[in-house]
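Working notes for the structure below.
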């Protein structure tokens, strides 16, 4: 019985242990496997390796970013230093040069004052010089003296004024100019004035005198305007400068140049003026026979020249008249844009192989041209080499009239003339000394050649006046005119004969081959007979 109880107890324990084991299996608790470690150093798992790799990458990137930032900062510092260095040079160097120039020029002002002034008043302070004297157009040289004004309170004047005067030699070149322009296309310059050039009557005057009178319009205007005596390598000049942004307006300058009577040698070689808004008047300068160049430029002011002799003459303006008597041995150029030109011109040519032709160029736009031209030459010129003259005339919408005559001592010449108009008639006269071809044509009007037989051979040989018409139509006529038979070489501009061309687009073109210009000759169809006669050779 005892043995059975023992066996039963053992059977119950086994059954109980099985029940407990099944419960544990049903709960599915994960088992932690213990993997035996290999011998040697152990490797981290995947998560640990990934974390370590990211940490190492961050450790590498950090110094690279720091290096890039340091390099960028270094470049910025270098650029800043370079800009600072450039700005320092651009500011310091001009400042140094300006101060150095003023310091070196101060003795020059005092010396020049003794030569140009009366020696009583002290020289002007350097700060009276224009701050931007380089803006004066085409002015070269050194400013000797500026703004030595004297106040003039004259009851005879409509306004009070400031005046100054300079004495300069007259045996070099003289120029008078300003920076006056039209400030904008539709705004006229507020600076006007007048210029008068003359020759003194008294023989006691030995230097040229430049006098300037400036209308008093306030102290601020006096400070802004600068009138300076200039010295160049070849002569003396006067420069007037008013800033474009001047606060004051309505400046008026009265400038006068008085030349002494020429005596001995050397004499004045060149005279040039540039006053865009001035009326410019030149009294007779015939006593100055050695002028190499005479140049007058303007814009809104009339230009009047009583008489001048020079090798080269240039007169240009924009919207004002050109009137005068001009005598030149090299060239005469008269130009305007919308203003009339009326001139008496004398052209000289030596008539030898060494001298080029003497030129005349006259051009304007919307106004008339009226010219009287006389041709001169040295009677002792090279035989077989007649003097040569070339002339070009052009306008647009106003009558063009020109007359060419030879001096009585000039028996032949090579005269080339081209006169062109667009909307109005073009009319040219040449005297009986002329020989050569002609071409008169128009586009939408009539062409005329006025001829006469009542002429005398200038050589005294009694040759007949010959006219040869090569082509005649309503709007074109060309041919040849001369003394005796026509040269064998045919019509056209011959090597030893001249040529005249008269052109108009919408109006008549007229050539007069007569004794004198005929004012009764109409630019419409003339009722006068036109002589056309050819003389056979022999």
Select from segment 195-232 the residues that are within 24 Å of residue 320 (Cα to Cα) and buried (at least 18 other Cβ atoms within 10 Å of the Cβ) and write down the one among them that is modelled with the lowest pLDDT.
215
Which condition breaks for residue 460 when tested against (1) closer than 15 Å to residue 503 by Cα; (2) part of a loop (DSSP other than H, G, I, E, B)?
(1)
Sole exception among (1) over 17 Å from residue 513 (Cα atoms); (2) outside any loop (DSSP other than H, G, I, E, B) for residue 441, by number:
(1)
Going by what's in this entry, would residue 365 be described as assigned to a loop (DSSP other than H, G, I, E, B) and either crowded, with 23+ Cβ neighbours inside 10 Å or touching a residue at least 12 places away in the same chain (Cβ under 8 Å) (or both)?
yes
How many residues are modelled with pLDDT of 95 or more and outside any strand (DSSP E or B) when one looks only at segment 261-285?
3
What is the number of the single condition among (1) under 24 Å from the mean Cα position of the chain (by Cα); (2) surrounded by fewer than 18 Cβ atoms within 10 Å (Cβ to Cβ) that residue 280 does not meet?
(2)
Here the residues within segment 375-407 that are more than 27 Å from residue 505 (Cα to Cα), in a loop (DSSP other than H, G, I, E, B) and touching a residue at least 12 places away in the same chain (Cβ under 8 Å) are 378, 379, 381, 382, 385, 386, 387, 407
From 370, 343, grab the single residue that is surrounded by 20 or more Cβ atoms within 10 Å (Cβ to Cβ) and within 26 Å of residue 299 (Cβ to Cβ).
343
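Answer with yes or no whether residue 251 is crowded, with 17+ Cβ neighbours inside 10 Å, under 27 Å from residue 365 (Cα atoms) and at pLDDT below 95. Don't jump to the end; show me each part of the working.
Details: crowded, with 17+ Cβ neighbours inside 10 Å: yes; under 27 Å from residue 365 (Cα atoms): no; at pLDDT below 95: yes.
Answer is no for this residue.
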Residue 239: passes all of (1) in contact with a helix residue (DSSP H, G or I) (Cβ under 9 Å, 6 or more places away or on another chain); (2) surrounded by fewer than 22 Cβ atoms within 10 Å (Cβ to Cβ); (3) at pLDDT 85 or above but (2)
Checked segment 267-284 for anything touching a strand residue (DSSP E or B) at 6+ places or on another chain (Cβ under 9 Å) and farther than 16 Å from residue 177 by Cβ; matches are 268, 269, 281, 283, 284
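The values are calculated or read from the model by the stated rules, or taken from the named source; none is laboratory data. Because the structure is predicted, anything quoted here is derived from the model rather than measured. Reconstructed Cβ throughout: ideal geometry from the backbone, glycine too, with neighbour counts over all protein chains shown.
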